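Each reported figure results from applying straightforward, stated rules to the coordinates on display, with no laboratory input. The model shown is predicted, which means the values in this text are computed figures rather than measured ones. For neighbour counting, all protein chains shown are included, and Cβ atoms are generated from backbone atoms with ideal geometry for every residue, glycine included.
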Amino acid sequence: MRFTKIRKILFVEIVLVVLILLSVGIAEAATGFKEDFSNTVLNSSWQVVSGQGRYSSTDNPGYLKYYFEGSRGSMGGWRNNYQASGGWNPSLTLIRPFDGEKWNLTAKVNYNLRAHISGSSTGAQGQSFWIAFGEGTNDYLNIYRGVDWWYSSNVYTMELVSNGVSVANFKGTPSSVGSDGWVREGYWYEITRNGENITVRFSNDGISYTNAFSGLVAESVTATQRAIIDMNLYNSVGSYVDWDYIQVTPTKGAISVTTNLASATFSVTGASSYSGSGTSWSTGDAPAGTYTITYGTVPGYNALPSETKTLTAGESITFGGTYIVIPSTKGTISVTTNLADATFSVTGASSYSGSGTSWNTGDAPAGTYMITYGTMQGYNAPSSETKTLSAGGSIAFSGTYLQSAVTPKKDTTSGKFRVGPSVTLRPVTDVIEANQDGVVELFMNNPSLNDVTLNVDARVSVPSGIHVYGESFGQAAGAGVVAGTFSVPPGTSRTIILTIKADRSARIGSHTIQFTGLYYPDENKDAYNPMSLTYSITVKEPSNKPEEPPKDAQANATPSKTPGFGVVIAIFGVFAIARLLSRK
């Protein structure tokens, strides 16, 4: 068989081999592999398609031995355009799938090819090593080492084909055929794929490499490929090839970064440099090497330490950063009052001033604070109060201004007050809860300089759902009014305790109770003075038994005697008698 005819046969279509390949099936591709043929059985990832020739994993331990046996076995039988012709049929084909667009393949092979016997040609004796890209019929790399003594042919060639067109070629200078008719020669191969770029290098000693070529495959070529071994044989004369190893190593790896903040930023430096942001980032195109991540600062969060990891080709590394909130050293101070014109100052670890019914700051340093309320005409200012603010905590001040009674002018006329009496409200408890009633005192004072009795007619306007109990007052509930009349002799005072409850119909929140009426001297009602007082109370929850008067309510209010002129005269009399006795 002539060598030129053999070359033509390589490009003839055949359906037969396609059916053979389909019947065997294509194994699932893996990213990279290492095959040193150290097992006595060929790795199951290899697909074996029967044809002319045979192989052994045991005849030369540690090697895959491919025997050139049979006759007229042609290479390229795995291609879907192969067609048997002239008695030629496909040779034994060994296929190892793998995937990836960035990898480095290394291999070591020893060729033992018999070119002639006593000067007589043995016909074609050669082996092909293919890398089929994708389906491979029109996109492949072929490395061929062969002899054909009929044509004095001793060849070592490489070819890269893309879309059916040869895009790169190499023709080497092989070793000469020995006087015994044999070619015995070893090669180391290094094939690199970086996307579309294919680079091929070879060596005869595994140390010094020669660049064969670099070329581009079609952009449409997939990331799946197959390493294929077959042969070109005219006649069986004892030729064989020992494969020492074939190894595919991915040249890139993956780096991923996760954080717990969308506002996070970071940079990754090392064999290559990257930057990213957010809660998730990754790249699958990182060269192998050592990488260090540096996280950016985020206001209000603790800084994260850098971290270093090593990326192995074909593997992946993950960096994870968790930002932690910096505990606040500041706190919140709030102030509420019942008057829009109220003023106040807060002093302590820092100082503030404010006004109105609601005020706050969220930037107060921890420490002790005291509030002082400003005075307002016609109102009694709330008492000062002190509270301690912890870091990250909050404190609240609440002040209620109470109206003060109008004090009439002095009147020495008979049946009138010499000194104006006072009628005021004194809050005791201004919050109603299930086990706590509201309590306010109606305090009446008639100075001893007066000769007339203080009479008070008081009325209490009660909001809906509120119940009021007190001496001389009737029960009031459901937006009602209760009234009471009280007398306070000169030089005495009187305190009336009012208990306030809320039933389930009462609105949760703040309520205002209005005290109105008039007071006058003795029975001189023409000399009356009007009275108008308010009291704010907060309902947090309905009272227990709101319609039952409190057990400890006053049955009677006992007037308290204020020391007057009688006491002074008695003291003066005792002093005068003692003086007279001392003179005798």
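Label zone (Ala262, point 7 Å along Cα-to-C-beta; backbone nitrogen cut-off 20 Å) within segment 290-308: 296-302. Structure note, pairs Lys387/Lys501; Lys65/Lys309; Lys387/Lys545; Lys102/Lys309; Lys108/Lys252; Lys65/Lys171: Cα-Cα distances above 31 angstrom occur for Lys65/Lys309; Lys387/Lys545. Packing order of peptides 512-524, 491-503, highest average first: 491-503, 512-524 (average count of other Cβ atoms within 10 Å over each peptide's residues). Label separation (Asn163 vs Asp205): 4.3 nm, computed from points 7 Å beyond Cα along the C-beta direction.
The candidate values were (i) 117, 24, 18; (ii) 72, 34, 21; (iii) 52, 30, 26; the one computed from these coordinates for semi-axes √(5λ) of the Cα gyration tensor in Å carries the label (i). Each residue, Phe170 and Asp59, gets one label point 7 Å from its Cα in the Cβ direction; the gap between the two is 2.9 nm. By the beta-carbon count within 10 Å of each Cβ, the least crowded to most crowded order of Leu449, Leu311, fewest first, is Leu449, Leu311. Taking other C-beta atoms within 10 Å as the exposure proxy, Ser282, Ser128, Ser461 rank Ser282, Ser461, Ser128 from fewest upward. With R₀ fixed at 51 Å, the C-beta to C-beta distance from Asp363 to Ser45 puts the FRET efficiency at about 0.15. Give, to the nearest whole percent, the P(r) tail of segment 152-272 beyond 21 angstrom, counting all Cα pairs. Roughly 59 percent, once rounded to a whole number.
Spin-label pair Thr318-Thr372: with each label point 7 Å from Cα along the Cα-Cβ axis, the two points sit 6.2 nm from one another. Among Val456, Val217, a tally of other beta-carbon atoms within 10 Å of each Cβ gives an order, fewest to most, of Val456, Val217. Couplings for segment 433-446, taken from phi via the Karplus curve 6.51 cos²θ - 1.76 cosθ + 1.60 with θ = phi - 60°, read 10, 4, 10, 9, 8, x, 9, 9, 10, 9, 9, 10, 10, 10 Hz in order; Gly and Pro are left as x. Karplus-based coupling profile of segment 97-113, in residue order and whole Hz: x, 7, 9, x, 9, 9, 8, 10, 9, 10, 8, 10, 9, 10, 8, 10, 10, with θ = phi - 60° in 6.51 cos²θ - 1.76 cosθ + 1.60 and x standing for Gly or Pro.
About its Cα centre, the chain has a charge dipole of approximately 1040 debye under the convention of +1 per Lys or Arg Cβ and -1 per Asp or Glu Cβ, with nothing else charged. Among the chymotrypsin sites (Phe, Trp or Tyr not before Pro) within segment 47-87, not one is in coil by DSSP while having at most 10 neighbouring Cβ atoms inside 10 Å. Considering only alpha-carbon pairs that sit under 8 angstrom and 6 or more positions apart, the relative contact order computed for the chain is 9 percent. In this structure, Thr222 and Asn302 have a Cβ-Cβ separation that, at R0 = 45 Å, corresponds to a calculated FRET efficiency of about 0.45.
Put simply, the amide H of Lys330, placed in the peptide plane, has neighbours under 5 Å in Gly392, leaving out anything fewer than 5 places away on its chain. For the pair Ser394 and Ser510 in one chain, pulling the backbone fully straight at 0.36 nm per residue adds 39.5 nm over the alpha carbon distance. Shown is the FRET efficiency for Thr310 and Glu547, computed with R0 = 56 Å from the Cβ-Cβ distance and rounded to the nearest 0.05: 0.10.
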